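Shown next, in structure tokens, is the structure this report addresses.
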Amino acid sequence: MDEERIKKIIVEYESRPNKDLVEVMNFLQNDFEETKKTIIKLTRHLDGTEVIYNKLLKEYKKRNK
């Protein structure tokens with residue numbers, strides 16, 4: 001779906017037919033789900049990075065006492 005068309009439907013939603021509203025709602029629902037999946041994936045990555053960093057930091061501190 002074209003980005004400009006989506007924006008136009010969102011701005012003019014009160015005068016648009018149901019078909020257009022359903023089309024944009026489907027697009028938004030898909031976008032929401034993809035964004036949610038990406039955030040979860042990035043959160044897991046960030047958590048893993050933190051765990052590894054903390055292990056390395058602990059070892060570094062132990063070596064430099």
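Taking 7 Å along the Cα-to-C-beta vector as the label spot, tell me the Val22-Asn54 distance in nanometres, rounded to one decimal.
That separation, rounded to one decimal, is 4.9 nm.
Enter the angle in degrees (range 0 to 90, nearest 10) between the Cα long axis of helix 18-63 and the first principal axis of the Cα atoms of the chain, meaning the one along which they spread out most.
10 degrees
For each of Val24, Val51, count neighbouring Cβ atoms within 10 Å of the residue's Cβ, then give the residues from fewest to most.
Numbers: Val24 19, Val51 10.
Going from least to most buried by this count: Val51, Val24.
Grab the beta carbon distance between Glu4 and Lys37, set R0 = 22 Å, and tell me the FRET efficiency rounded to 0.05.
Working: r = 26 Å, r/R0 = 1.17.
Between Glu4 and Lys37 the formula returns 0.30.
Regarding the chain, what are the three Cα extents along the principal axes, ordered largest first, in Å?
Principal-axis extents of the Cα atoms in the chain, largest first: 71, 17, 15 Å.
Given the DSSP H assignment, sum -39500 (n - 2.57) over each helix run of at least 4 residues in the chain and divide by its residue total; what's the result at 222 nm in deg cm²/dmol, nearest 500?
Working: 2 runs with 55 residues, N = 65.
For the chain, the value works out to -30500 deg cm²/dmol.
Every read-out reported here was derived from the displayed coordinates using simple, explicitly stated rules and does not represent laboratory data. This is a predicted model, so every value here is computed, not measured. For neighbour counting, all protein chains shown are included, and Cβ atoms are generated from backbone atoms with ideal geometry for every residue, glycine included.
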